[in-house]
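The structure under discussion appears below in the form of structure tokens.
The values are calculated or read from the model by the stated rules, or taken from the named source; none is laboratory data. The model shown is predicted, which means the values in this text are computed figures rather than measured ones. Reconstructed Cβ throughout: ideal geometry from the backbone, glycine too, with neighbour counts over all protein chains shown. Note: accessible area is taken over every heavy atom of the protein model, side chains too, but ligands, DNA and RNA are not part of it. Shrake-Rupley method; radii C 1.70, N 1.55, O 1.52, S 1.80 Å.
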Amino acid sequence: MSAVLEAPADLPTLADLRTRFREGKARLLERFGKARPSAPAAQRLLRDLARHVDQSLLAVWRLAGVPDDAALLAVGGYGRAELFPHSDVDVLLLLPPAHVADMDSLKSAIEDFITACWDIGLEIGSSVRTVGECIALAESDVTVQTALLESRYLCGSRRVFTTFRHANTRAMDPKAFLRAKQLEMVQRHRKFEDTPYALEPNCKESPGGLRDLQVVIWVARAAGLGKNWNALAGNAMITPFEAKQLVRNEGLLKLIRARLHMIAGRREDRLVFDLQEAVAESFGYQATHEHRASEKLMRRYYWAAKAVTQLNQILMLNIEEQVNGSQDAPMRPINDKFLERGGMLEVVSDDLYQRDPHAILETFLVYQQTVGPKGLSARTLRALYNARDLMDADFRHDPVNRATFMKILRAEEGQTHAFRLMNQTSVLGRYLWVFRRIVGQMQHDLFHVYTVDQHILMVLRNVRRFFIPEHAHEYAFCSQLASTWDRPYVLYVAALFHDVAKGRGGDHSELGATEARRFCRDHGIERDDAELIEFLVQSHLVMSRVAQKEDLSDPDVIDEFAKWVGSEQRLTALYLLTVADIRGTSPKVWNAWKGKLLEDLYRLTLRALGGARPNVDAEIEARKQEARHMLNLASLPPGVEGELWKTLEISYFARHDAGDIAWHARSLHAQVQTAQPIVQARLSSLGEGLQVLVYAPDRRDLFARICGYFDSAGFSILDAKVHTTRAGYALDTFQVISPQFEPHYRDLISYVENQLALALSADGALPEPSRGRLSRRVKSFPITPRITLRPDERAQRWLLTISTSDRSGLLYAIARVLAHHHINLQLAKISTLGERAEDTFLIDGPALQENKSQLQMETELLDAVTP
């Protein structure tokens, strides 16, 4: 350490400062931890931490002997005189012009100052610049410009600071700064998928977080409109009520962030699953039978974030009008209640909704039907925000409002944007009271990544896209079916209600159907449409379950499903809603294989509904003929398939299409009696992953070894069709994917063919399965593994269903237990829903005929799948 830091008699030593800083901070955090959780307590902590750091920096500045020519400034969040427990401490060391100071000695002292700060535990983020350098950098970097906007003098030369402040004010271009911050905010929101309702939100950066409040103050300050909420209210930029709401919601977000830092013991602004429960308990929340403590905290957070999102939108539009002068833009009347100004829908007067509450819902109908407006103006948003108390029980029962709501649903277009806007402005939850109960409701099922209300609106969007020609390439078959559907509103209502009863306990499908029936009655929906809507809500999970868990090659499965659906109209509606629902849970849940299973079930059921009982013999013969034609096109001689086909059972031809049958014959016709494993792979016809054929002398651990290889190679198995020929060979086909290898599947084909064949040639006992690494989400919200085993109607085969948390090595662990009990596997359907595995196996074997051995197998399976 430089000699300049040897403390004079009247100054503390570095060791003293280190002890004083750490003990002082510890006392502040201890006091906060013991205090009742409240916004004033959090604000006091932030202020006291900033003051404590101020005092420590001043002491180090004096100890370092920095010359009087320089100035020390707090910038960024620290410049606001607020510090969270583990926030950055950003400072600017402002240098005088080079010609008026001994720069060498000045820089040496500054280096000593920075080193000393770190020595005492102050992990500062420092920049050292002259006034000219600051202004030049700010002009090219809006982040630097923002940090300098909040600069606060700490010590040193006031003359240099005053020069800097005047230069920074002169260099500020409010219009350019506003535009830059708007673009920055859009980019930041996009990073968080434009929703405040992420299940692990960032309470600082996510939409509706603290940053959305800070950006309002920044642009207002740059425009000279005020430096805090009181100043903005004084300049008539916000109402006293809005100022009160801003203070209240900002206080809650600060409290949550401060508690989060305390519990994490580091800078952590994400409300991750690992920490949500602990933060909730620090607030005094306790779990109940229906809700975790964390759900209560998160619901409160989401309501605050939603309010911040609304207020941010109002204020940013208001400031934009002031800065750009667009409040004087010409107005185009739309009707006697609304007009368009600057591309925004505006109310004719601030008290429109008080005078005419019917205009509240009419706002969204006009927005939906009018070409031109791209959003609601600040004046309209403010009027809606202040009209929330008008939307009471009388408002909801008003026939005029009910008619308007139905017009929005029945309109030819615009439902997606209208309903999103209704939810953002809290109108949807206040009109549909049942919807209000699920706003901000978390879902801990390991595959939904949105809150219930956001998921519902995502499903509504997906259904709406089926009817938009521009999106036909996304859902070709769905768009084809939708083009013949004459009442889209039926599907929109079903989408709105399909999950509306979640979080109540009980079967949400049954409860939701009751709510849908009540809605249809209250809104005068025709009987046939009402019955269809109720059926869709009640049954929205059934088609997915049958497609992913039942054997679709079994005519009895198709017949039973067809009888249950009852009509082509119901089948088509349920298919469209099911696809929209699965695609609306998470970007990771949908894949082409799930799409094929659903489409296959739709087509098979449609044929059954037409009265055509499947003629298995005729269908198999047709597939064989088509496969022979494909073999001829591949220049193979007639009859080449015969030796293989005579060893195969009818079930093989029933479960494979003609393309697979021809591929198998082409690959195996010359090696039907081989003693070595044969592995062939090709790109899946679905466009995702590989299709892998395994042909080898059968043995009881073969399926387990195959699963073990795919697991070790990083592949996920989507589907497995397993057959044993009359000659004692296994002929198995797998659909596999691997996200990290997706661009290079063609290069992988020969690798998989060689390596899997080697793995199957190995002898020796099956290795112990690894337990696999669990994700944070699974650790935070574990699910109880469940196993069901039931025989088919003839008790010849058994259906094994396993539900548990997904992890690497899971399928191998299951296969290993089945191999140990000499279980024959005929079909495997592997369904991964986010981080939950729902696997179904069609099996048989002697062990299943005895209660004792069956119980032993189920016990071992439970042990194998338990995390």
* **segment 411-531: equivalent-ellipsoid semi-axes (sqrt of 5 x gyration tensor eigenvalues, Cα, Å)** => 23, 18, 15
* Points 7 angstrom from Cα along the Cβ direction at LEU633 and ALA15: gap in nanometres? -> 8.7 nm
* To do: Divide the volume of the convex hull of the Cα atoms of segment 167-301 by its number of residues and quote the answer in cubic angstrom per residue.
  => 131 Å³
* To do: Under 11 Å from a label point 7 Å along Cα→Cβ of THR115: give me every residue in segment 49-84 with its amide N that close.
  => none
* Asked: Per the 1.4 Å probe, what fraction of the accessible area of the chain, in percent, lies on carbon and sulfur atoms?
  -> 49 percent
* Structure fact -> Taking only the Cα positions of segment 264-381, the convex hull volume per residue in Å³ is 176 Å³
* **Contact order normalised by residue count of segment 300-377, Cα under 8 Å, 6+ apart, percent** => 24 percent
* Structure fact -> Along principal axes, largest first, the alpha-carbon spread of segment 239-303 in whole Å comes out as 39, 32, 16
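Expressed as a rounded percentage, what relative contact order does segment 427-541 have, with Cα pairs under 8 Å and six or more residues apart? List each step's numbers first, then the result.
Details: 133 pairs, mean separation 24.3, N = 115.
Result for segment 427-541 is 21 percent.
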* On a 0 to 90 degree scale, rounded to 10, what angle separates helix 14-34 from the longest Cα axis of the chain? -> 60 degrees
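Counting only C-alpha contacts under 8 Å and six or more residues apart, can you give the relative contact order of the chain as a whole percent?
Working: 1276 pairs, mean separation 58.3, N = 867.
Dividing the mean separation by the residue count of the chain yields 7 percent.
For segment 663-734, just say rounded, prolate or oblate: build the C-alpha gyration tensor, square-root its eigenvalues into a ≥ b ≥ c, call rounded for a/c under 1.5, and beyond that prolate if a/b exceeds b/c, oblate if not.
Numbers: a/c = 2.07, a/b = 1.29, b/c = 1.60.
Note, shape of segment 663-734 comes out oblate.
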* **Exceeding the 26 Å Cα-Cα cut-off - candidates LYS646/LYS721; LYS25/LYS227; LYS191/LYS306; LYS181/LYS306** => LYS25/LYS227
* Amide N of segment 675-689 lying under 18 Å from the label point, which is placed 7 angstrom from the Cα of ALA592 along Cα→Cβ -> 681-689
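Once you have the Cα-Cα distance between ASN230 and ALA287, take 0.36 nm times their residue separation minus that, and quote the gain in nm to one decimal.
Details: separation 57, 0.36 × 57 = 20.52 nm, distance 3.82 nm.
Taking ASN230 through ALA287 to full extension adds about 16.7 nm, to one decimal.
What is the diffusion coefficient of segment 560-617 in µm²/s, taking the Kirkwood radius over Cα pairs and the Stokes-Einstein relation at 4 °C with a viscosity of 1.567 mPa s?
On the way: Rh = 12.4 Å.
Rounded, D is 105 µm²/s.
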* Structure fact -> Between the modelled labels at SER685 and SER853 (7 Å from Cα along Cα→Cβ) the distance in nm is 3.8 nm
* Using the heavy atoms of the protein chains alone and a 1.4 angstrom probe, what is the accessible area of segment 477-565 per residue in square angstrom? -> 40 Å²
* Contour minus end-to-end for ALA278 and ALA762, with contour as 0.36 nm per residue of separation and end-to-end as the Cα-Cα distance? -> 169.3 nm
* Structure fact -> Log10 I(q)/I(0) at q = 0.17, 0.28, 0.32 Å⁻¹ for segment 43-88, from Debye over equal alpha-carbon scatterers, is -0.52, -1.01, -1.15
* Expressed as an acute angle from 0 to 90° and rounded to the nearest 10, what is the orientation of the C-alpha long axis of helix 359-369 relative to the principal long axis of the chain? -> 60 degrees
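So what's the back-of-envelope 222 nm ellipticity for the chain, counting only DSSP H runs of four-plus at -39500 (n - 2.57) apiece and dividing by all residues, rounded to 500? Show your work: numbers first, answer last.
Details: 39 runs with 473 residues, N = 867.
Taking each H run of at least 4 residues, the total per residue is -17000 deg cm²/dmol.
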* Rg/Rh (Cα only; Kirkwood hydrodynamic radius) as it applies to segment 188-255 -> 1.02
* Applying the Karplus parametrisation 6.51 cos²θ - 1.76 cosθ + 1.60 with θ = phi - 60° to the phi angles of segment 59-75, what ³J(HN,Hα) value in whole Hz is obtained for each residue in order, glycine and proline being reported as x? -> 5, 5, 4, 5, 5, 6, x, 5, x, 5, 5, 9, 10, 10, 10, 8, 10
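Under a Cβ-only charge scheme (Lys and Arg +1, Asp and Glu -1), can you give me the dipole magnitude of the chain about the Cα centre, in debye to the nearest 20? Intermediate results must be reported in sequence, preceding the final value.
Numbers: 107 positive and 110 negative charges, 407 e Å.
Using only the charged Cβ atoms, the result is roughly 1960 debye.
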* So what is log10(I(q)/I(0)) for segment 99-184 at q = 0.16, 0.23 1/Å, when the Debye sum runs over its Cα atoms only? -> -0.77, -1.23
* Asked: In vacuo Debye scattering of segment 345-436, one point per C-alpha: log10 I(q)/I(0) at q = 0.16, 0.24 Å⁻¹?
  -> -0.58, -1.42
* Structure fact -> Rg/Rh over Cα atoms for segment 471-621, Kirkwood Rh, comes to 0.98
* Asked: Can you give the alpha-carbon Rg of segment 787-866 over 2.2 N^0.38 Å, where N counts its residues?
  -> 1.03
* Asked: What nm value, rounded to one decimal, do you get for the distance between GLN676 and ASP68 when each label is placed 7 Å out toward the C-beta?
  -> 9.1 nm
* To do: Any chance you could list P(r) for segment 56-205, counting all Cα-Cα pairs in 10 angstrom bins from zero, rounded to whole %?
  => 10, 35, 32, 16, 6, 1
* Give me the aspartates and glutamates in straight-line cross-link reach of LYS549: C-alpha distance below 16 Å, same-chain residues under 8 apart excluded. => ASP559, GLU560, GLU599, ASP600, ASP719, ASP792, GLU838, ASP839
* To do: Based solely on C-alpha atoms, express the radius of gyration and the Dmax of segment 580-669 in angstrom.
  => 16.7, 49
